[in-house]
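First comes the structure, then the notes that go with it.
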Amino acid sequence: MKKYIFIVGGVMSGIGKGVCSSSLGKILQSRGFEVTAVKIDPYINVDAGTMNPTEHGEVFVLNDGMECDQDMGNYERFLDRDLSRKNYMTTGSIYQAVINRERNLEYSGRCVEVIPHIPLEVLIRIDKVFAKNKTDIVIVEIGGTVGEYQNILFLETIRMLKIKKPKDVILALVSYLPLPNNENELKTKPTQYAVRTLNSTGLQPDIILARASTVLDKKRKQKIMFNCGLREEEVISVPDVESIYEAPLVLEKQKLSSLILKKLNLRARKTNLDDFKKMVKNIKNARKIVNIGIVGKYFNSGEFILADSYLSVIEAVKHASYYFKFKPKIDWLDCKEYETNPEKLKELLKYDGIIVPGGFGGRGINGKIKVIQYCRQKKIPFLGLCYGMQLAVIEFSRSVLGLKKANSTEIDSSTPYPVIDILPDQKINLAEKKYGGTMRLGAYNTMVKKSTIAYSAYKSFLISERHRHRYEINSLYVQKLEKKGMIFSGVSPDGLLMEIMELPKKIHPFFVGTQFHPEFKSRPLNPHPLFKEFIKRCADYKKQKVIASPIKIGVK
């Protein structure tokens, strides 16, 4: 059994195709089917690793080291499955594969053309994911929107497959219905144009997922039905929700899974979404607030805030908070502001915990280091991820070891104290300018030391986490750092790479850094243990702040 569901976007991008695809996968999974998801990005980039976070959003990393689009993280979180590089492709990777086949004479001397060979390569790649876990249904999300030049080849792929397997393919259009400020009705005309554009490629959507700020009323449904050639049950309302994890429940309430199973000629099975229902209930009933500040440098996009740059970190904070029935209040803090105005550091005291996530390059680094120093000295719970851990080591080396010019060779190649240095096998890559897909990527094992914060979180001596870095803590400084109180509670099995750094509990309530990215493995129904420990310590810190606050009698 091979069943395909293609998801395309209409009107504009960024309306939640990834969440819709993930939610659709979840409700079909709840009916007892083995479901997986594939993302096609219409970029010439071979993978997402060289894309700027402020343009494309977060780069998500899979266990096998694939650098991919952030929607792959949504698929893993909703489906609770580890995906592989087979589940992700770009225009660049497809063309590269076809050209390699041609160079290897795999086309037997035939002329290789864009049509049909590019669409056929896409189909070959999609079919490869069926072999894993005996997959029943593959959901394929195509990035961008219909009508864009970049998407034409992928729409042709759908058309070809629909002709070949008409009973096994469904096409769903996720389209946005705007609500102008001076009006009180959702506008269906943009969706009508999106469908006409799709029709011009020889395709007709089987289902329209109508994204909007509010619920789609009957009148608007009728307009879409009449003008787009669908039945009422094929127009699904997808309004904004408090939490993205409510989306599967919204879709299933409209009997979407039954509609899809009928169209694909699959026998219906009992729905079981109890786990998501319980989680959504916890989210809605959460009353206690935990205040978290994330200090980054990829938030600003013109005059706007782009939270997608750290999407997995934000979701991991939410997962752990929901576990304890807390409501997370997350603020995005621009590290550059602390460079120019150190007085702003005092605002960190209002937070219950601070996270310094990953990044690259020297921009904004001094601001991050000042934040880390403030958190260490004021005993504010701190979690440093990848670059965040490296900067914590730099700050500690400067302030505690007295190595005032300590630095990373990524920032200052001539530093006299390179406490952070490039991984030995990465030197050749940089010298030869091999940047794409050459970092230390994917899942690696870490040995965890007993009687540490890390062990109390993981409760295991051996863990596996995902990495994305070129630089590491310089082993020449490890003993010096340890003598001053720093604990390396997690190390690589060969003992050469410092994976987890922390300060003793007697010195600081929670000061932990990781060379890896724990956020990539957090799931809504299975929060990451390190984030759970962080949120737990943040809540304890908040209680202590309340107890320590003096009660002023007679003051209004």
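Data overview
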{"item": "Straight-distance crosslink candidates among lysines, where the alpha carbon sits under 19 Å from LYS327 and sequence neighbours closer than 8 are dropped", "result": "LYS277, LYS278, LYS281, LYS284, LYS288, LYS318, LYS350, LYS532, LYS536, LYS542, LYS543, LYS545"}
{"item": "Estimated dipole of the chain in Debye, rounded to 20 [Cβ of Lys and Arg +1, of Asp and Glu -1, Cα centre]", "result": "2040"}
{"item": "Selection of trypsin sites (Lys or Arg not before Pro), segment 423-526, meeting DSSP coil and at most 15 other Cβ within 10 Å", "result": "LYS433, LYS434, LYS449, LYS450, LYS459, LYS484, LYS505, LYS506"}
{"item": "The chain: relative contact order in percent, alpha carbon pairs under 8 Å with at least 6 residues between", "result": "15"}
{"item": "Mean Cβ neighbour count within 10 Å, used as a protection proxy, ranking 215-221, 155-161 highest first", "result": "155-161, 215-221"}
{"item": "Helix axis angle, 529-548 relative to the chain longest principal axis, alpha carbon, degrees", "result": "50"}
{"item": "Residue-averaged [θ]222 nm for the chain, counting only DSSP H segments that reach four residues, each worth -39500 (n - 2.57)", "result": "-10500 deg cm²/dmol"}
{"item": "Between segment 371-414 and segment 308-323, the alpha-carbon center distance in angstrom", "result": "24"}
{"item": "Sequence of THR452, THR191, THR54 once ranked by neighbouring C-beta atoms within 10 Å, starting from the fewest", "result": "THR54, THR452, THR191"}
{"item": "Rounded D (µm²/s) - the chain, Kirkwood Rh over Cα pairs, Stokes-Einstein at 20 °C, 1.002 mPa s", "result": "85"}
{"item": "Separation of alpha-carbon centers, segment 95-117 and segment 203-275, rounded to whole Å", "result": "40"}
{"item": "Relative packing of peptides 23-34, 67-78 - highest average C-beta neighbours within 10 Å first", "result": "67-78, 23-34"}
{"item": "Selected from GLY57, VAL448, MET160, residue furthest toward positive end of dipole (the chain; charges at beta carbon)", "result": "VAL448"}
{"item": "Prolate/oblate/rounded label for segment 369-503 (Cα gyration tensor, a/c 1.5)", "result": "oblate"}
{"item": "Order of ILE372, ILE207 - criterion: other Cβ atoms within 10 Å of each residue's Cβ, fewest first", "result": "ILE207, ILE372"}
{"item": "Lys/Arg +1, Asp/Glu -1 at C-beta; the chain dipole; positive extreme among HIS528, CYS228, LEU423", "result": "HIS528"}
{"item": "Crossing angle, helix 365-378 versus the chain [Cα axis fit, 0-90 degrees, rounded to tens]", "result": "60"}
{"item": "Proximal aspartates and glutamates to LYS404, defined as alpha-carbon separation beneath 14 angstrom and excluding residues fewer than eight positions away on the same chain", "result": "GLU395, ASP412"}
{"item": "Residue-wise HN-Hα coupling along segment 37-50, computed from phi with Karplus coefficients 6.51, -1.76, 1.60 (Hz; x: Gly, Pro)", "result": "9, 10, 10, 10, 9, x, 10, 6, 3, 6, 8, 8, x, 9"}
{"item": "Using alpha-carbon coordinates, inclination of helix 218-228 to the longest axis of the chain, degrees", "result": "60"}
{"item": "Sorted peptide list for 416-423, 263-270, criterion being average Cβ within 10 angstrom, highest first", "result": "416-423, 263-270"}
{"item": "Rounded, prolate or oblate (a/c below 1.5 giving rounded, otherwise prolate when a/b exceeds b/c) for segment 286-545 by Cα gyration tensor", "result": "rounded"}
{"item": "Residue list for segment 231-249, given a label point 7 angstrom along the Cα-to-Cβ vector of THR214 and an amide N cut-off under 14 Å", "result": "239-240"}
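Every read-out reported here was derived from the displayed coordinates using simple, explicitly stated rules and does not represent laboratory data. Only a predicted model underlies this, so the values are computations on that prediction, with no experimental measurement involved. Cβ sites come from the backbone with ideal geometry, for glycine too, and all protein chains shown count toward neighbours.
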